[in-house]
Amino acid sequence: MNQNIPNDGALQVALGLLTRMELFLTSLMRPWNAYQIGIALGVLLVAHVLARFLAPRVSEWMRSREGWPKWRMRLAVTLRNRLRLILYVAMIWPIVWIMREVTWSSRSYLLAIIAQLALAWLIIAILTRIINNGVLRSLVRYVGWAWVSLSILGLTDDMRALLDGLAITIADTRLSVWLILQAVMLLAVLFTLARFITKQSTRRIRENEDISPSMQVLAVKTLQVGLYGAALFIGLRTVGVDLTGLAVLSGAIGLGLGFGLQKVVSNLVSGVIILLDKSIKPGDVISLGDTFGWINALGARYVSVVTRDGREYLIPNEDLITGQVVNWSHSNEFVRLDIHFGTSYGDDPHLVRRVAIEAAQGVERVLDFKPPVCHITGFGDSSVDYILRFWIKDPTQGLTNIRGNVYLALWDAFQAKGISIPFPQREVRVLGTADSKALPPAGD
């Protein structure tokens with residue numbers, strides 16, 4: 001690895017920049033530059049006072065706009081936070097135009113530079129708000145401000161030469177500070193663009209009712225991987241990074257990770273299989289072991305299942321592929337439920353069956369076009385045993401609650417018809433003293 005930090009070219013450029021900076025600071029002491037700085041500071045003070053006065057009123061006006069879309073409200077918040085800078089730009093530019101008309105250009109040159117810097121900072125501050133990542137947004141904002149400032153001051157060529165001179169050489173690849181800054185800025189722009197396209201495409205895919213929920217998830221994830229991967233590849237290629245070595249390195253890393261992360265890879269592949277075969281989709285009701293709940297989301301590594309008590313289970317995709325899963329709403333939403341009960345031997349079984357069927361039909365969620373049926377399953381020790389079967393079409397609304405409602409309907413119907421529900425009875429005989437004497441002694 002060859003290091004080029006520092007070299008003679010970069011040192012000469014740095015000395016030249018310091019000399020120009022010294023001359024610029026010396027020129028500020030001239031009277032026509034001093035009063036321009038005074039005007040700029042005076043405008044800043046007025047903008048500060050006006051912003052303090054207008055900010056509460058702008059906030060109150062924004063609170064009255066509850067029906068605004070989210071993007072419009074975010075833009076309004078950004079403008080309110082930059083109210084002082086907006087007022088400053090709005091006031092300083094008319095002053096620059098007036099001074100250019102009534103005096104020499106040199107008398108407003110410094111003021112024009114200040115106005116250009118303020119306008120550039122305002123534009124960059126507003127545009128960078130579309131970047132959600134806070135660290136990346138701050139990096140792009142400050143780098144953009146610095147570069148625009150240098151461009152306005154006419155120092156971009158010197159600064160580019162200085163940053164390009166600060167470099168290291170690894171094999172055949174030369175990495176300079178200028179190249180790294182270019183890559184970061186370009187990748188930030190491309191990733192922001194990819195995120196915007198992904199967000200808009202995802203919204204359209206979600207709204208398309210012709211695409212099944214599982215295929216929607218697969219399409220969104222494929223789009224995300226493709227766009228972000230393309231953004232990374234295009235960004236690195238544009239700035240001149242050789243990806244040949246990166247491909248070899250990524251292949252070696254992938255081979256190592258394949259052995260060390262077999263479970264992770266298995267879950268990823270299982271997730272793709274689940275999305276392709278559409279066996280499970282968001283909204284389905286499943287049972288896996290003791291877990292019964294609704295599919296909340298399909299992830300790359302796990303499936304989120306929410307139970308009726310509010311608990312969220314993250315089940316690895318591999319368990320859904322290799323284990324036995326009950327999907328209550330896979331091919332259709334019709335579910336048959338069974339209820340077991342018993343009545344006394346003194347009750348007419350024909351009447352019991354008819355009353356049980358009528359009671360189940362009176363429950364709200366029980367289907368009429370799939371009528372309930374009731375059968376005798378056996379003669380028990382203390383009761384005649386029955387099974388009541390009925391159908392529902394909304395398992396997502398719960399199974400225990402509908403069973404409980406049917407049990408209550410049976411109880412009310414049996415009470416009205418005088419049908420009894422027996423329970424096991426045992427006779428306990430207490431032996432008296434005389435009987436105790438008649439028993440043989442222990443051990444005989």
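Taking the stretch 22-71, which residues are aromatic (Phe, Trp, Tyr) and modelled with pLDDT under 80? Residues satisfying the conditions are PHE24, TRP32, TYR35, TRP68, TRP71. Counting residues in the stretch 72-94 that are in a helix (DSSP H, G or I) and at pLDDT below 75 gives zero.
Table: residues versus (1) crowded, with 18+ Cβ neighbours inside 10 Å; (2) of a type in the set (S, T, N, Q); (3) closer than 27 Å to LEU45 by Cβ; (4) at pLDDT 80 or above.
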| residue | (1), (2), (3), (4) |
| --- | --- |
| TRP121 | yes, no, yes, yes |
| ASN132 | no, yes, no, no |
| ARG160 | no, no, no, no |
| ASP172 | no, no, no, no |
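Criterion applied to ASP368, ASP338 was being out of contact with any Cys (no Cβ under 7 Å at 6 or more places or on another chain), outside any loop (DSSP other than H, G, I, E, B) and either of a type outside the set (Val, Ile, Thr) or in the same structural domain as ALA413 (by TED's automatic domain parsing) (or both), and the one residue passing it is ASP338. Among the conditions (1) closer than 30 Å to TYR386 by Cβ; (2) not in a loop (DSSP other than H, G, I, E, B), the only one that GLY346 does not satisfy is (2). Restricting the first member to the stretch 300-311 and to residues that are closer than 12 Å to THR396 by Cα, and the second to residues that are in a loop (DSSP other than H, G, I, E, B) and not polar (S, T, N, Q), the beta-carbon pairs closer than 9 Å and six or more apart or on different chains are ARG308/GLY398.
The single residue among LEU75, LEU87 that is over 16 Å from LEU127 (Cα atoms) and either of a type in the set (A, V, I, L, M, F, W, C) or surrounded by 15 or more Cβ atoms within 10 Å (Cβ to Cβ) (or both) turns out to be LEU87. Considering every residue within the stretch 410-423, establish whether at least one is aromatic (Phe, Trp, Tyr) and crowded, with 16+ Cβ neighbours inside 10 Å. Yes - at least one qualifying residue is present in the stretch 410-423. In the stretch 113-129, the residues that are farther than 12 Å from ALA90 by Cα reach residues that are outside any helix (DSSP H, G or I) and modelled with pLDDT of 80 or more with C-beta atoms within less than 8 angstrom, at least six apart or across chains, in these pairs: ALA125/ARG82; ILE126/ARG82. Report yes if some residue within the stretch 392-415 is assigned to a strand (DSSP E or B), out of contact with any Pro (no Cβ under 8 Å at 6 or more places or on another chain), without any contact (Cβ under 8 Å) to a residue 60 or more places away in the chain and not assigned by TED's automatic domain parsing to the domain that holds VAL285; otherwise report no. Checked against the condition, which is being assigned to a strand (DSSP E or B), out of contact with any Pro (no Cβ under 8 Å at 6 or more places or on another chain), without any contact (Cβ under 8 Å) to a residue 60 or more places away in the chain and not assigned by TED's automatic domain parsing to the domain that holds VAL285, the stretch 392-415 yields at least one hit.
The values are calculated or read from the model by the stated rules, or taken from the named source; none is laboratory data. Remember, predicted model here, so these are calculated numbers, not experimental data. Note that we place each Cβ from the backbone using ideal geometry, even for glycine, and neighbour counts take in every protein chain shown.
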